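Working notes for the structure below.
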Amino acid sequence: MKLPKELYNGILIFLGIGVYFLLMNLLGLAHILYLRALNVAFIVYGVNRTIKMNLAEGENNAVSNAISAMITSVIGVCLSILGLLIYSYAKGGDAYVKTLSSTFMFGGNPSVPTYCICLLFEGIASSVVVTMLLMLYWNNKYAAD
């Protein structure tokens with residue numbers, strides 16, 4: 001049984017982000033906000049891969065490709081947030097999130113669910129932006145109506 005390309009590329013996004021953040025933790029670089037922001041590169045890679053696979057299969061409809069790309073990125077973001085949720089509770093729950101939030105944009109003392117929900121909204125917003133930018137990039141590949 002072959003996985004749908006959206007799910008496969010979403011899992012690639014999740015694995016890329018997961019390995020990246022674990023490596024940053026291991027190297028002691030997790031506190032650097034700019035390095036944290038580079039996780040969008042994994043979303044770009046997965047979404048671009050989905051669009052290229054669609055084009056290779058002859059799918060030239062911009063709307064269906066945009067939906068496919070959005071599904072890919074949302075799967076990757078949701079799996080990453082789920083991974084963060086599990087990892088946060090494994091590392092101490094709210095106490096671990098307090099160490100993260102001191103270097104992030106949160107004020108106060110967010111709980112693990114609050115932190116994850118906020119990152120989910122941020123991730124979905126970045127998914128929309130990445131999808132729109134890549135659809136504009138690949139715009140010349142679609143047949144004009």
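Do you know which residues across the stretch 89-145 are surrounded by 17 or more Cβ atoms within 10 Å (Cβ to Cβ) and modelled with pLDDT under 70?
Hits for the stretch 89-145 are 100, 101.
Filter the stretch 1-30 for residues that are outside any helix (DSSP H, G or I) and of a type in the set (Gly, Ala, Ser); which is nearest to the chain's Cα centre (by Cα)?
30
Find the residue count for the stretch 31-67, including only residues that are buried (at least 17 other Cβ atoms within 10 Å of the Cβ) and either among the polar types (S, T, N, Q) or not in a helix (DSSP H, G or I) (or both).
Looking only at that region, the number is 5.
The values are calculated or read from the model by the stated rules, or taken from the named source; none is laboratory data. Predicted, not measured: the structure shown is a model, and the values here were computed from it. Methodologically, a virtual Cβ is constructed for each residue, glycine included, from the backbone with ideal geometry; neighbour enumeration extends over all protein chains shown.
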